[in-house]
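A.B. asks: I have a structure here, written as structure tokens, and I will follow up with some questions on it.
What follows draws every value from the coordinates through simple rules; no lab data is involved. All values derive from a computational prediction rather than experimental measurement. As a convention, Cβ positions derive from the backbone with ideal geometry for all residues, glycine included, and neighbour counts pool all protein chains shown.
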Ligand code: ARG
């Protein structure tokens, strides 16, 4: 098949090189963006008097026909035509004749591919933003439904202090809210229009880059033509956002896997979100959480891969940069499915509040409260720590919890202990007492739930306004 760039070449491309060089197998998913970009470019060329209005009309009609063919599954993508850009351009000329060859005036594939990827990512940010909000809503719903459930909080995976389950869930809500804020940053750096950079230096034609930006709903344009075709930082930023988000989901997955084990028995996942074993008839495995945890690896891998691709590249475009797309597309697919499956899994999760409460009352999770009790009676915290440490050691020897010791026993390491100690170290009291801003006391958690709803509403309104305007 004759190449669009064939003039300078005396020989055909080696078959293996042709395949190696081609990106059509994966960049064909940007066909809509490629066509939208070309239509905007053709209209701008006519508006600026670079091509005739009838020529632009013919090009636009041809491109619209190609779009319909692709959507009807009647377009065959050719490896020999390398990528989505040349597949479409070649077909355009076949359809409308040599005037199709005017489309590439004042344009290069270097700014064209950058444009397509920006357009594609902008649309995907809108989708991912909504999925992220839905997952945050699922977390809020679970927190609200289990408002007064108490479980042990952990450090080093050792029981530490009792907390509200809702408080624990809200920790993830706020992590995801920061992920959302990062996504907004990615949007700002993706909402930049690169077309008009040409191969790297700009163009000799009197183009209007702002007109293209307006037609394609970009908020701003790249200031520097070399930068516009050379950088992929917006993709790196998206991959960073995705990696951090997946790390958050991976940590939640780890907890869900632990909590659903018999050892914890804190939660039960719905049958619809688990799978069985081909040999052990009794098994019910938390595959969704495990897979999300596992897929975190490939997302981080894509970030590392692109950082490594870019780190030694001289300006401007280098073919190495074709390697940006597969990792980006795989990350988009992975993040979208992970968010969707996760929201559904959380919605189906059953919480065993009694079992959580029981665990919260074991292993001296109230020891800090006993120390705080002594401090409030005037003892310096270090001495209180020592006295309670000794009480804990004594209780362990007796095979009891602190709250199971008699008042006499509790008094033996500090004369400041009085009858009100028993109330002070009740698990519910320990939770209610942590009433500092952002703490686990029910009042604080209620207030945090209110703040979360406001955060979520603000996120959604940003999607409905700024993002909706830009896609
Ligand atoms: N398929 C190429 C890519 O994905 C498009 C840009 C090619 N530009 C070039 N001068 N070879 O990066």
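A.B. asks: Calculate the spin-label point distance for residue 429 paired with residue 217, positioning each point 7 Å from the Cα along the beta-carbon direction, and give it in nanometres.
C.D. replies: Label at residue 217, label at residue 429, 5.9 nm between them.
A.B. asks: For the stretch 243-349, what class follows from the C-alpha gyration tensor (a ≥ b ≥ c being the square roots of its eigenvalues): rounded when a/c is under 1.5, otherwise prolate if a/b is larger than b/c, else oblate? The partial results should precede the final answer.
C.D. replies: Working: a/c = 3.11, a/b = 2.91, b/c = 1.07.
It comes out prolate by the Cα gyration axes.
A.B. asks: Continuing with the same structure: When the Cα centres of the stretch 400-430 and the stretch 113-147 are compared, how far apart do they sit, in Å?
C.D. replies: Using only Cα atoms, the two centres lie 48 Å from each other.
A.B. asks: OK, next. Going from the alpha-carbon gyration tensor of the chain, what semi-axes, largest first and in whole Å, does one get by taking the root of 5 times each eigenvalue?
C.D. replies: Largest first, the chain gives 61, 23, 19 Å.
A.B. asks: Related question: If you average the alpha carbon positions of the stretch 38-81 and of the stretch 199-241, how far apart do those two centres end up, in angstrom?
C.D. replies: Cα centroid to Cα centroid, the span is 21 Å.
A.B. asks: Let me ask you something else. Arrange the following residues from fewest to most other Cβ atoms within 10 Å of their Cβ: 253, 406. All intermediate terms of the calculation are to be shown ahead of the outcome.
C.D. replies: Numbers: 253 24, 406 10.
Fewest-to-most ranking of 253, 406: 406, 253.
A.B. asks: Please give the helix 442-462 orientation as an angle from the longest Cα principal axis of the chain, in degrees from 0 to 90, rounded to the nearest 10.
C.D. replies: Long axis of 442-462 versus the principal axis of the chain: about 10 degrees.
A.B. asks: For the stretch 72-116, what number results from the quotient of the Cα radius of gyration and 2.2 N^0.38 Å?
C.D. replies: On the way: Rg = 11.1 Å, N = 45, 2.2 N^0.38 = 9.3 Å.
In units of the 2.2 N^0.38 Å rule of thumb, it is 1.19.
A.B. asks: Sequence gap at least 6, Cα distance under 8 Å: using those rules, report the relative contact order of the stretch 1-87 to the nearest whole percent. Write down the numbers at each step before the final one.
C.D. replies: On the way: 66 pairs, mean separation 41.3, N = 87.
Computed over the stretch 1-87, the figure is 48 percent.
A.B. asks: Return the ratio Rg/(2.2 N^0.38 Å) for the stretch 393-464, where Rg is computed over Cα atoms only. Walk me through the numbers on the way to the answer.
C.D. replies: Working: Rg = 20.1 Å, N = 72, 2.2 N^0.38 = 11.2 Å.
Relative to the rule-of-thumb radius for its length, the stretch 393-464 sits at 1.80.
A.B. asks: Here is a further query. Using Cα pairs closer than 8 Å and at least 6 residues apart in sequence, work out the relative contact order for the stretch 222-372, in percent.
C.D. replies: Working: 136 pairs, mean separation 46.9, N = 151.
Computed value for the stretch 222-372: 31 percent relative contact order.
A.B. asks: Ok, one more. P(r) for the stretch 1-156, please, calculated from all Cα pair distances in 5 Å bins and given in %.
C.D. replies: Computed distribution, short to long bins: 1, 8, 14, 16, 15, 11, 8, 5, 4, 4, 4, 4, 3, 2, 1, 0.
A.B. asks: Give the share of C-alpha pairs in each 10 angstrom bin for the stretch 282-332, from 0 to the last occupied bin, in whole percents, shortest bins first.
C.D. replies: 22, 38, 21, 12, 5, 2
A.B. asks: Continuing with the same structure: Quick one: compute the contact order of the chain, relative version, from alpha carbon pairs under 8 angstrom and 6+ residues apart, as a percent.
C.D. replies: Answer for the chain is 17 percent.
A.B. asks: Further, regarding this structure: If you wrap the stretch 156-274's Cα atoms in a convex hull and average its projection over all directions, what's the area in nm²?
C.D. replies: About 11.7 nm², averaged over all directions.
A.B. asks: Turning to a different aspect of this structure: Could you list 89, 94, 326, 55 in order of exposure, starting from the residue whose Cβ has the fewest other Cβ atoms within 10 Å? Can you show the working numbers first?
C.D. replies: Values: 89 23, 94 11, 326 15, 55 18.
Fewest-to-most Cβ neighbours within 10 Å comes out as 94, 326, 55, 89.
A.B. asks: Let me ask something else. Report, in degrees rounded to the nearest 10, the 0 to 90 angle that the Cα long axis of helix 109-145 makes with the longest principal axis of the chain.
C.D. replies: With both axes taken from Cα atoms, the answer is about 20 degrees.
A.B. asks: Still on this model: Computed over the Cα atoms, what is the radius of gyration of the stretch 126-180 divided by 2.2 N^0.38 Å, N being its residue count? Walk me through the intermediate numbers first.
C.D. replies: Working: Rg = 13.0 Å, N = 55, 2.2 N^0.38 = 10.1 Å.
For the stretch 126-180, the normalised Cα radius of gyration comes out at 1.29.
A.B. asks: Considering just Cα atoms, how many Å³ per residue does the convex hull of the stretch 85-200 enclose?
C.D. replies: Values: hull volume 16.8 nm³, N = 116.
Looking at the stretch 85-200, the number lands at 144 Å³ per residue.
A.B. asks: For the Cα atoms of the chain, what angle does the longest principal axis make with the long axis of helix 287-310, in degrees from 0 to 90, nearest 10?
C.D. replies: With both axes taken from Cα atoms, the answer is about 50 degrees.
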